[in-house]
Amino acid sequence: MSSTTYKSAKDKYAAYGVDTDKVLENLSSIPLSMHCWQGDDVGGFETPDAELSGGGIQVTGNFKGKARNIAELRSDIDEALKYIPGKTRLNLHAIYGEFGGNKVDRNEISYEHFKGWVDWCKARKMGIDFNPTYFSHPLAADGFTLSSADKKIREFWIEHGILCRKIAEKIGKALGDTVITNFWMPDGMKDSPADRLAPRKRMEESLDKIFSVKINPRYNRDSVESKLFGIGSESYVVGSHEFFMGYAVKNGTLLTLDSGHFHPTEGIADKISSMLLFVPEILLHVSRGVRWDSDHVVISDDPTADIMREIVRAGALKKVHIGMDYFDGSINRIFAWAVGMRAARKALLAAMLEPISLMRQAENSGDYGMRLALSEEARSLPLAEVWQEYCKREGKACGLKMLEGIKKYEDKVLSKR
Ligand code: RNT
Ligand code: ZN
(Lines give C-alpha, C1' and ligand atoms only; values in the text may rest on other atoms or scores of the structure.)
(Ligands and ions follow the chains in the order given, each with its own letter.)
Protein backbone atom coordinates (compact mmCIF):
# COMPACT_ATOMS: atom_id res chain seq x y z
CA MET A 1 0.00 0.00 0.00
CA SER A 2 1.38 3.34 -1.03
CA SER A 3 1.32 6.01 1.63
CA THR A 4 -0.89 9.08 1.27
CA THR A 5 2.21 11.26 1.21
CA TYR A 6 3.48 9.27 -1.78
CA LYS A 7 0.11 9.64 -3.51
CA SER A 8 0.20 13.36 -3.08
CA ALA A 9 3.80 13.48 -4.35
CA LYS A 10 2.79 11.38 -7.34
CA ASP A 11 0.05 13.90 -8.21
CA LYS A 12 2.47 16.80 -7.95
CA TYR A 13 4.90 15.18 -10.37
CA ALA A 14 2.05 14.14 -12.68
CA ALA A 15 1.13 17.81 -13.06
CA TYR A 16 4.56 18.22 -14.68
CA GLY A 17 4.06 15.24 -16.95
CA VAL A 18 6.14 12.83 -14.88
CA ASP A 19 4.89 9.34 -13.99
CA THR A 20 6.60 8.48 -10.68
CA ASP A 21 5.54 4.81 -10.74
CA LYS A 22 7.13 4.31 -14.12
CA VAL A 23 10.28 6.06 -12.95
CA LEU A 24 10.53 3.84 -9.86
CA GLU A 25 10.17 0.75 -12.02
CA ASN A 26 12.98 1.87 -14.33
CA LEU A 27 15.20 3.05 -11.51
CA SER A 28 15.63 -0.42 -10.02
CA SER A 29 17.06 -1.89 -13.18
CA ILE A 30 19.93 0.59 -13.45
CA PRO A 31 23.00 -0.94 -11.84
CA LEU A 32 25.33 0.97 -9.55
CA SER A 33 28.69 -0.62 -8.96
CA MET A 34 29.80 -0.61 -5.34
CA HIS A 35 33.53 -0.59 -4.70
CA CYS A 36 34.73 -3.29 -2.31
CA TRP A 37 37.69 -1.16 -1.22
CA GLN A 38 35.72 1.18 1.06
CA GLY A 39 35.44 -1.75 3.49
CA ASP A 40 39.13 -2.06 4.33
CA ASP A 41 40.70 1.22 3.23
CA VAL A 42 42.03 -0.23 -0.04
CA GLY A 43 44.13 -2.84 1.78
CA GLY A 44 43.21 -6.05 -0.01
CA PHE A 45 44.08 -9.56 1.09
CA GLU A 46 47.51 -10.32 -0.31
CA THR A 47 48.88 -10.44 3.23
CA PRO A 48 46.96 -10.50 6.55
CA ASP A 49 47.89 -6.90 7.36
CA ALA A 50 47.93 -5.48 3.84
CA GLU A 51 47.69 -1.72 3.64
CA LEU A 52 47.36 0.79 0.86
CA SER A 53 50.78 2.12 -0.08
CA GLY A 54 51.97 4.35 -2.87
CA GLY A 55 50.01 4.94 -5.98
CA GLY A 56 49.24 8.57 -5.28
CA ILE A 57 46.12 7.72 -3.31
CA GLN A 58 45.70 7.83 0.41
CA VAL A 59 43.15 6.80 3.00
CA THR A 60 43.11 8.63 6.28
CA GLY A 61 41.29 7.73 9.48
CA ASN A 62 41.33 4.79 11.80
CA PHE A 63 37.71 4.12 12.68
CA LYS A 64 37.18 0.86 14.51
CA GLY A 65 36.16 -2.31 12.74
CA LYS A 66 37.92 -2.25 9.40
CA ALA A 67 37.41 -5.58 7.63
CA ARG A 68 40.52 -7.73 8.16
CA ASN A 69 39.69 -10.65 5.93
CA ILE A 70 37.27 -11.74 3.22
CA ALA A 71 34.70 -13.10 5.66
CA GLU A 72 34.52 -9.77 7.47
CA LEU A 73 34.40 -7.80 4.25
CA ARG A 74 31.53 -9.95 2.97
CA SER A 75 29.64 -9.62 6.22
CA ASP A 76 30.07 -5.83 6.06
CA ILE A 77 28.92 -5.67 2.45
CA ASP A 78 25.85 -7.74 3.36
CA GLU A 79 25.09 -5.28 6.14
CA ALA A 80 25.47 -2.31 3.78
CA LEU A 81 23.25 -3.98 1.19
CA LYS A 82 20.38 -3.98 3.68
CA TYR A 83 20.16 -0.25 3.13
CA ILE A 84 21.03 0.02 -0.54
CA PRO A 85 18.05 -0.19 -2.88
CA GLY A 86 18.22 -1.07 -6.57
CA LYS A 87 20.50 -3.27 -8.61
CA THR A 88 23.99 -3.33 -7.13
CA ARG A 89 27.18 -4.68 -8.66
CA LEU A 90 30.37 -5.39 -6.76
CA ASN A 91 33.57 -3.75 -7.93
CA LEU A 92 36.64 -5.82 -7.05
CA HIS A 93 40.33 -5.00 -7.23
CA ALA A 94 42.85 -7.70 -8.05
CA ILE A 95 44.28 -7.55 -4.51
CA TYR A 96 40.96 -8.81 -3.13
CA GLY A 97 41.40 -12.38 -4.33
CA GLU A 98 41.11 -15.39 -2.02
CA PHE A 99 44.78 -16.22 -1.74
CA GLY A 100 44.37 -18.52 1.25
CA GLY A 101 47.39 -17.15 3.09
CA ASN A 102 49.73 -17.96 0.19
CA LYS A 103 52.00 -15.43 -1.44
CA VAL A 104 50.49 -14.94 -4.88
CA ASP A 105 52.16 -12.18 -6.83
CA ARG A 106 50.26 -9.95 -9.24
CA ASN A 107 51.60 -11.88 -12.21
CA GLU A 108 50.41 -15.16 -10.72
CA ILE A 109 46.74 -14.46 -10.00
CA SER A 110 44.09 -16.55 -11.70
CA TYR A 111 40.34 -17.04 -11.86
CA GLU A 112 40.51 -19.55 -9.01
CA HIS A 113 41.27 -16.71 -6.62
CA PHE A 114 38.02 -15.00 -7.54
CA LYS A 115 35.69 -17.95 -7.91
CA GLY A 116 34.54 -17.50 -4.32
CA TRP A 117 33.47 -13.97 -5.13
CA VAL A 118 31.61 -15.19 -8.21
CA ASP A 119 29.63 -17.69 -6.12
CA TRP A 120 29.02 -15.09 -3.44
CA CYS A 121 27.77 -12.52 -5.94
CA LYS A 122 25.73 -15.07 -7.87
CA ALA A 123 23.84 -15.92 -4.69
CA ARG A 124 23.01 -12.21 -4.35
CA LYS A 125 22.23 -11.71 -8.05
CA MET A 126 25.03 -9.18 -8.24
CA GLY A 127 27.26 -8.50 -11.20
CA ILE A 128 31.00 -7.97 -10.76
CA ASP A 129 33.39 -5.34 -12.08
CA PHE A 130 37.14 -5.62 -11.92
CA ASN A 131 40.39 -3.66 -11.61
CA PRO A 132 44.02 -4.60 -12.01
CA THR A 133 45.97 -3.24 -9.02
CA TYR A 134 48.91 -1.06 -10.02
CA PHE A 135 49.79 0.17 -6.54
CA SER A 136 50.79 -1.15 -3.09
CA HIS A 137 53.57 -3.24 -4.60
CA PRO A 138 57.40 -3.08 -4.57
CA LEU A 139 57.46 -2.82 -8.37
CA ALA A 140 55.24 0.26 -8.19
CA ALA A 141 57.25 1.89 -5.44
CA ASP A 142 59.29 4.10 -7.79
CA GLY A 143 56.15 5.70 -9.12
CA PHE A 144 56.10 4.01 -12.52
CA THR A 145 54.41 0.78 -13.63
CA LEU A 146 53.36 0.37 -17.27
CA SER A 147 55.43 3.40 -18.24
CA SER A 148 58.55 2.46 -16.29
CA ALA A 149 61.86 2.90 -18.09
CA ASP A 150 62.75 -0.57 -16.80
CA LYS A 151 61.56 -3.18 -19.28
CA LYS A 152 61.31 -5.87 -16.61
CA ILE A 153 58.96 -3.72 -14.55
CA ARG A 154 56.84 -2.93 -17.58
CA GLU A 155 56.64 -6.58 -18.52
CA PHE A 156 55.58 -7.56 -15.02
CA TRP A 157 52.70 -5.09 -15.11
CA ILE A 158 51.73 -5.98 -18.66
CA GLU A 159 51.38 -9.55 -17.50
CA HIS A 160 49.22 -8.41 -14.59
CA GLY A 161 46.95 -6.44 -16.93
CA ILE A 162 46.49 -9.39 -19.27
CA LEU A 163 45.77 -11.77 -16.40
CA CYS A 164 43.16 -9.40 -15.03
CA ARG A 165 41.37 -9.19 -18.38
CA LYS A 166 41.36 -13.00 -18.60
CA ILE A 167 40.05 -13.34 -15.06
CA ALA A 168 37.37 -10.75 -15.78
CA GLU A 169 36.33 -12.62 -18.92
CA LYS A 170 35.90 -15.80 -16.90
CA ILE A 171 33.94 -13.97 -14.23
CA GLY A 172 31.69 -12.54 -16.94
CA LYS A 173 31.19 -15.98 -18.47
CA ALA A 174 30.38 -17.53 -15.10
CA LEU A 175 27.81 -14.83 -14.37
CA GLY A 176 26.48 -14.55 -17.94
CA ASP A 177 27.24 -10.86 -17.72
CA THR A 178 29.69 -8.19 -18.86
CA VAL A 179 32.45 -7.21 -16.46
CA ILE A 180 33.91 -3.73 -16.84
CA THR A 181 37.63 -3.80 -16.10
CA ASN A 182 39.11 -0.45 -15.20
CA PHE A 183 42.75 0.41 -15.77
CA TRP A 184 44.14 3.08 -13.51
CA MET A 185 47.88 3.44 -13.23
CA PRO A 186 49.44 5.89 -10.76
CA ASP A 187 52.52 6.59 -12.90
CA GLY A 188 53.83 10.09 -12.45
CA MET A 189 56.31 12.43 -10.81
CA LYS A 190 56.40 14.68 -7.81
CA ASP A 191 58.36 17.39 -9.57
CA SER A 192 58.48 18.59 -13.16
CA PRO A 193 59.96 15.96 -15.44
CA ALA A 194 62.55 16.78 -18.06
CA ASP A 195 60.77 14.39 -20.40
CA ARG A 196 56.99 14.09 -20.36
CA LEU A 197 56.81 12.29 -23.64
CA ALA A 198 58.86 9.12 -23.19
CA PRO A 199 56.81 7.68 -20.29
CA ARG A 200 53.62 8.39 -22.23
CA LYS A 201 54.97 6.54 -25.24
CA ARG A 202 55.87 3.60 -23.03
CA MET A 203 52.44 3.68 -21.38
CA GLU A 204 50.77 3.57 -24.78
CA GLU A 205 52.92 0.66 -25.92
CA SER A 206 52.28 -1.32 -22.74
CA LEU A 207 48.53 -0.78 -22.97
CA ASP A 208 48.58 -1.80 -26.62
CA LYS A 209 50.20 -5.07 -25.59
CA ILE A 210 47.64 -5.66 -22.85
CA PHE A 211 44.68 -4.93 -25.11
CA SER A 212 46.06 -6.89 -28.07
CA VAL A 213 45.04 -10.07 -26.26
CA LYS A 214 41.63 -11.03 -27.60
CA ILE A 215 38.95 -11.14 -24.94
CA ASN A 216 35.26 -11.69 -25.64
CA PRO A 217 33.59 -8.26 -25.26
CA ARG A 218 30.39 -10.02 -24.28
CA TYR A 219 32.09 -10.91 -20.99
CA ASN A 220 34.65 -8.19 -20.44
CA ARG A 221 35.16 -4.62 -21.59
CA ASP A 222 38.10 -2.44 -20.70
CA SER A 223 38.14 1.13 -19.56
CA VAL A 224 41.00 3.56 -18.93
CA GLU A 225 41.05 6.16 -16.17
CA SER A 226 42.89 9.46 -16.20
CA LYS A 227 43.92 11.69 -13.33
CA LEU A 228 45.10 15.24 -12.90
CA PHE A 229 47.52 14.68 -10.03
CA GLY A 230 48.10 12.45 -7.05
CA ILE A 231 49.98 12.49 -3.78
CA GLY A 232 53.60 12.24 -4.88
CA SER A 233 52.68 12.81 -8.53
CA GLU A 234 51.72 16.45 -8.18
CA SER A 235 53.59 17.74 -11.21
CA TYR A 236 53.10 15.00 -13.74
CA VAL A 237 50.70 12.13 -14.26
CA VAL A 238 51.46 9.99 -17.29
CA GLY A 239 47.81 9.03 -17.75
CA SER A 240 46.39 12.54 -17.94
CA HIS A 241 42.92 13.28 -19.29
CA GLU A 242 44.20 14.08 -22.77
CA PHE A 243 46.32 10.94 -22.77
CA PHE A 244 43.44 8.61 -21.95
CA MET A 245 40.82 10.48 -23.92
CA GLY A 246 43.09 10.11 -26.92
CA TYR A 247 43.86 6.50 -26.12
CA ALA A 248 40.22 5.52 -25.71
CA VAL A 249 39.10 7.29 -28.88
CA LYS A 250 41.90 5.78 -30.92
CA ASN A 251 41.50 2.26 -29.59
CA GLY A 252 37.79 2.00 -28.89
CA THR A 253 38.14 1.27 -25.18
CA LEU A 254 35.77 2.74 -22.64
CA LEU A 255 36.80 5.93 -20.88
CA THR A 256 36.57 6.30 -17.11
CA LEU A 257 35.68 9.70 -15.73
CA ASP A 258 36.39 10.01 -12.01
CA SER A 259 34.70 13.07 -10.53
CA GLY A 260 37.70 13.65 -8.24
CA HIS A 261 40.28 13.69 -11.04
CA PHE A 262 39.88 17.12 -12.55
CA HIS A 263 40.49 20.71 -11.56
CA PRO A 264 38.52 21.62 -8.42
CA THR A 265 35.79 23.51 -10.27
CA GLU A 266 35.72 21.22 -13.30
CA GLY A 267 32.79 18.81 -13.24
CA ILE A 268 32.57 15.65 -15.29
CA ALA A 269 28.86 16.03 -16.15
CA ASP A 270 29.44 18.06 -19.30
CA LYS A 271 32.01 15.59 -20.57
CA ILE A 272 29.50 12.73 -20.87
CA SER A 273 27.59 13.77 -24.00
CA SER A 274 30.80 14.75 -25.80
CA MET A 275 32.72 11.62 -25.00
CA LEU A 276 29.83 9.36 -25.93
CA LEU A 277 30.14 10.58 -29.51
CA PHE A 278 33.66 9.20 -29.66
CA VAL A 279 33.92 6.25 -27.28
CA PRO A 280 31.49 3.33 -27.14
CA GLU A 281 30.69 3.58 -23.44
CA ILE A 282 31.79 5.43 -20.35
CA LEU A 283 32.58 4.27 -16.84
CA LEU A 284 32.03 6.75 -14.06
CA HIS A 285 33.84 6.83 -10.76
CA VAL A 286 31.50 8.90 -8.68
CA SER A 287 33.44 10.47 -5.85
CA ARG A 288 33.65 13.74 -3.94
CA GLY A 289 36.87 15.64 -4.15
CA VAL A 290 37.49 18.07 -1.34
CA ARG A 291 40.30 20.50 -2.20
CA TRP A 292 42.59 17.74 -3.42
CA ASP A 293 41.85 14.25 -4.80
CA SER A 294 40.48 13.21 -1.45
CA ASP A 295 37.82 10.65 -2.35
CA HIS A 296 35.23 11.68 0.22
CA VAL A 297 31.92 9.81 0.52
CA VAL A 298 29.41 10.76 -2.17
CA ILE A 299 26.52 12.91 -0.94
CA SER A 300 23.51 14.59 -2.53
CA ASP A 301 25.48 17.55 -3.81
CA ASP A 302 25.27 19.54 -7.03
CA PRO A 303 28.11 17.78 -8.90
CA THR A 304 26.47 14.39 -8.27
CA ALA A 305 23.07 15.73 -9.34
CA ASP A 306 24.62 17.23 -12.50
CA ILE A 307 26.23 13.92 -13.44
CA MET A 308 23.00 11.95 -13.11
CA ARG A 309 20.97 14.63 -14.93
CA GLU A 310 23.38 14.54 -17.84
CA ILE A 311 23.23 10.74 -18.13
CA VAL A 312 19.44 10.82 -18.16
CA ARG A 313 19.14 13.84 -20.46
CA ALA A 314 21.58 12.28 -22.93
CA GLY A 315 19.49 9.09 -22.93
CA ALA A 316 22.72 7.31 -22.00
CA LEU A 317 21.70 5.03 -19.15
CA LYS A 318 22.75 1.98 -21.17
CA LYS A 319 26.08 3.47 -22.21
CA VAL A 320 27.25 4.87 -18.92
CA HIS A 321 28.36 2.44 -16.24
CA ILE A 322 28.04 4.09 -12.87
CA GLY A 323 30.52 3.08 -10.21
CA MET A 324 31.55 4.54 -6.89
CA ASP A 325 35.10 5.38 -5.94
CA TYR A 326 35.75 6.82 -2.52
CA PHE A 327 37.35 5.64 0.68
CA ASP A 328 37.06 7.16 4.11
CA GLY A 329 38.65 5.37 7.05
CA SER A 330 37.58 7.95 9.61
CA ILE A 331 33.93 6.86 9.85
CA ASN A 332 31.88 3.70 10.17
CA ARG A 333 32.57 2.15 6.76
CA ILE A 334 29.05 0.74 6.44
CA PHE A 335 27.74 4.28 6.68
CA ALA A 336 30.23 5.27 3.99
CA TRP A 337 28.94 2.61 1.61
CA ALA A 338 25.26 3.10 2.37
CA VAL A 339 25.30 6.89 2.37
CA GLY A 340 27.27 7.14 -0.87
CA MET A 341 25.33 4.49 -2.76
CA ARG A 342 22.00 5.89 -1.63
CA ALA A 343 23.01 9.45 -2.48
CA ALA A 344 24.03 8.37 -5.97
CA ARG A 345 20.77 6.50 -6.54
CA LYS A 346 18.73 9.33 -5.10
CA ALA A 347 20.45 11.72 -7.51
CA LEU A 348 19.61 9.33 -10.32
CA LEU A 349 15.99 9.29 -9.16
CA ALA A 350 15.92 13.09 -9.07
CA ALA A 351 17.28 13.17 -12.60
CA MET A 352 14.64 10.74 -13.82
CA LEU A 353 11.91 12.78 -12.17
CA GLU A 354 12.81 15.99 -14.00
CA PRO A 355 9.98 17.39 -16.14
CA ILE A 356 12.25 16.84 -19.09
CA SER A 357 9.54 16.73 -21.81
CA LEU A 358 8.19 20.11 -20.76
CA MET A 359 11.71 21.53 -20.54
CA ARG A 360 12.57 20.23 -24.00
CA GLN A 361 9.34 21.66 -25.41
CA ALA A 362 10.21 25.04 -23.93
CA GLU A 363 13.74 24.85 -25.28
CA ASN A 364 12.64 23.85 -28.75
CA SER A 365 10.25 26.76 -28.94
CA GLY A 366 12.96 29.17 -27.81
CA ASP A 367 11.26 29.83 -24.47
CA TYR A 368 14.32 29.71 -22.25
CA GLY A 369 12.56 31.56 -19.44
CA MET A 370 10.03 28.72 -19.25
CA ARG A 371 12.86 26.17 -19.31
CA LEU A 372 14.56 27.92 -16.42
CA ALA A 373 11.32 28.23 -14.45
CA LEU A 374 10.50 24.55 -14.95
CA SER A 375 13.91 23.39 -13.80
CA GLU A 376 13.73 25.64 -10.77
CA GLU A 377 10.21 24.44 -9.84
CA ALA A 378 11.40 20.85 -10.24
CA ARG A 379 13.97 21.42 -7.53
CA SER A 380 11.27 21.78 -4.93
CA LEU A 381 9.05 18.90 -5.97
CA PRO A 382 8.71 16.23 -3.23
CA LEU A 383 11.67 13.99 -4.09
CA ALA A 384 12.00 12.76 -0.49
CA GLU A 385 8.51 11.19 -0.54
CA VAL A 386 9.20 9.35 -3.77
CA TRP A 387 12.56 8.18 -2.45
CA GLN A 388 10.95 6.84 0.71
CA GLU A 389 8.35 5.01 -1.31
CA TYR A 390 11.12 3.54 -3.43
CA CYS A 391 13.06 2.27 -0.41
CA LYS A 392 9.85 0.78 0.95
CA ARG A 393 9.11 -1.02 -2.32
CA GLU A 394 12.66 -2.33 -2.36
CA GLY A 395 12.34 -3.47 1.24
CA LYS A 396 15.22 -1.28 2.42
CA ALA A 397 15.23 0.70 5.63
CA CYS A 398 15.16 4.45 5.36
CA GLY A 399 15.85 7.42 7.63
CA LEU A 400 16.28 6.78 11.34
CA LYS A 401 15.70 3.02 10.92
CA MET A 402 18.76 2.87 8.71
CA LEU A 403 20.87 4.87 11.14
CA GLU A 404 19.82 2.66 14.05
CA GLY A 405 20.46 -0.51 12.07
CA ILE A 406 23.99 0.46 11.14
CA LYS A 407 24.77 1.64 14.68
CA LYS A 408 23.59 -1.71 16.01
CA TYR A 409 25.99 -3.48 13.64
CA GLU A 410 28.75 -1.17 14.81
CA ASP A 411 28.12 -2.12 18.45
CA LYS A 412 27.63 -5.82 17.80
CA VAL A 413 30.25 -6.48 15.14
CA LEU A 414 32.62 -3.63 14.31
CA SER A 415 33.56 -2.75 17.88
CA LYS A 416 34.42 -6.37 18.64
CA ARG A 417 37.14 -6.54 15.99
C1 RNT B 1 42.79 6.59 -8.03
C2 RNT B 1 41.70 6.14 -8.95
C3 RNT B 1 41.38 4.67 -8.87
C4 RNT B 1 41.38 4.12 -7.45
C5 RNT B 1 40.80 2.73 -7.32
C6 RNT B 1 41.10 2.13 -6.00
O7 RNT B 1 42.94 7.94 -8.02
O8 RNT B 1 40.56 6.90 -8.73
O9 RNT B 1 40.17 4.44 -9.51
O10 RNT B 1 40.71 4.97 -6.58
O11 RNT B 1 41.19 1.96 -8.36
ZN1 ZN C 1 38.76 6.31 -9.66
Problem set entry | Residue identified as of a type in the set (D, E, K, R) and either in contact (Cβ under 8 Å) with a residue 40 or more places away in the chain or within 13 Å of ligand 2 (Cβ to nearest atom) (or both) among E242, E234 | E234
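Which is at pLDDT 95 or above and either more than 17 Å from R89 (Cβ to Cβ) or touching a Pro at 6+ places or on another chain (Cβ under 9 Å) (or both), of G340, G315?
Working: G340 fails: either more than 17 Å from R89 (Cβ to Cβ) or touching a Pro at 6+ places or on another chain (Cβ under 9 Å) (or both).
Among G340, G315, only G315 is at pLDDT 95 or above and either more than 17 Å from R89 (Cβ to Cβ) or touching a Pro at 6+ places or on another chain (Cβ under 9 Å) (or both).
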For this session: State yes or no: is P199 away from ligand 2 (no atom under 16 Å from the Cβ), in contact with a strand residue (DSSP E or B) (Cβ under 6 Å, 6 or more places away or on another chain) and farther than 22 Å from I95 by Cα?
Result: no
Exercise. N216 is checked against (1) farther than 21 Å from H113 by Cα; (2) part of a loop (DSSP other than H, G, I, E, B) and fails just one. What number does that condition carry?
Worked result: (1)
Exercise. Taking segment 158-196, which residues are more than 16 Å from ligand 2 (Cβ to nearest atom), part of a loop (DSSP other than H, G, I, E, B) and under 12 Å from S147 (Cβ atoms)?
Worked result: P193, D195, R196
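Go through segment 55-89 and give me each residue that's among the small types (G, A, S) and within 16 Å of ligand 2 (Cβ to nearest atom). Steps first, please.
Just the residues of segment 55-89 that are among the small types (G, A, S), to begin with: 55-56, 61, 65, 67, 71, 75, 80, 86.
The answer is G55, G56.
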Exercise. Which residue, of D129, D142, D119, is closer than 26 Å to F211 by Cα and free of Cβ contacts under 8 Å to residues at least 40 places away in the same chain?
Worked result: D142
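Where residues in segment 292-330 are part of a loop (DSSP other than H, G, I, E, B), more than 17 Å from the chain's Cα centre (by Cα) and away from ligand 1 (no atom under 16 Å from the Cβ), which of them is surrounded by the most Cβ atoms within 10 Å (Cβ to Cβ)? Explain how you work it out, then say what you get.
Narrowing segment 292-330 to residues part of a loop (DSSP other than H, G, I, E, B): 297-301, 314-319, 325-330.
If we keep only those that are more than 17 Å from the chain's Cα centre (by Cα) too, we end up with 314-315, 329-330.
Still in the list and also away from ligand 1 (no atom under 16 Å from the Cβ): 314-315, 330.
Details: A314: 15, G315: 11, S330: 13.
Here the residue is A314.
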For this session: Could you check how many residues of segment 2-52 are touching a Phe, Trp or Tyr at 6+ places or on another chain (Cβ under 9 Å) and assigned to a helix (DSSP H, G or I)?
Result: 8
Exercise. If you go through segment 20-37, how many residues are under 18 Å from the mean Cα position of the chain (by Cα) and free of Cβ contacts under 8 Å to residues at least 60 places away in the same chain?
Worked result: 1
Exercise. Mind checking whether some residue in segment 273-282 is buried (at least 22 other Cβ atoms within 10 Å of the Cβ), within 16 Å of ligand 1 (Cβ to nearest atom) and at pLDDT 95 or above?
Worked result: yes
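For residues that are under 15 Å from G172 (Cα atoms) and within 13 Å of ligand 1 (Cβ to nearest atom), tally how many sit in segment 217-240.
Filtering segment 217-240 for residues under 15 Å from G172 (Cα atoms) gives 217-222.
When the remaining residues are screened for being within 13 Å of ligand 1 (Cβ to nearest atom), the result is none.
Qualifying residue count for the region: 0.
Residue check: is I322 among the hydrophobic types (A, V, I, L, M, F, W, C), closer than 21 Å to C391 by Cβ, in contact with a Pro (Cβ under 9 Å, 6 or more places away or on another chain) and modelled with pLDDT of 95 or more?
Values: among the hydrophobic types (A, V, I, L, M, F, W, C): yes; closer than 21 Å to C391 by Cβ: yes; in contact with a Pro (Cβ under 9 Å, 6 or more places away or on another chain): yes; modelled with pLDDT of 95 or more: yes.
Answer is yes for this residue.
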For this session: Residue by residue through segment 254-271, note down the ones that are surrounded by fewer than 22 Cβ atoms within 10 Å (Cβ to Cβ) and either within 12 Å of ligand 1 (Cβ to nearest atom) or closer than 26 Å to I210 by Cα (or both).
Result: F262
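Test S75 against the criterion of being hydroxyl-bearing (S, T, Y) and not in a loop (DSSP other than H, G, I, E, B), and give yes or no. If you could, list the steps in order and put the result at the bottom.
Values: hydroxyl-bearing (S, T, Y): yes; not in a loop (DSSP other than H, G, I, E, B): yes.
It is true that S75 is hydroxyl-bearing (S, T, Y) and not in a loop (DSSP other than H, G, I, E, B).
The values are calculated or read from the model by the stated rules, or taken from the named source; none is laboratory data. Quantities reported herein were computed from a predicted structural model and do not represent experimental measurements. Methodologically, a virtual Cβ is constructed for each residue, glycine included, from the backbone with ideal geometry; neighbour enumeration extends over all protein chains shown.
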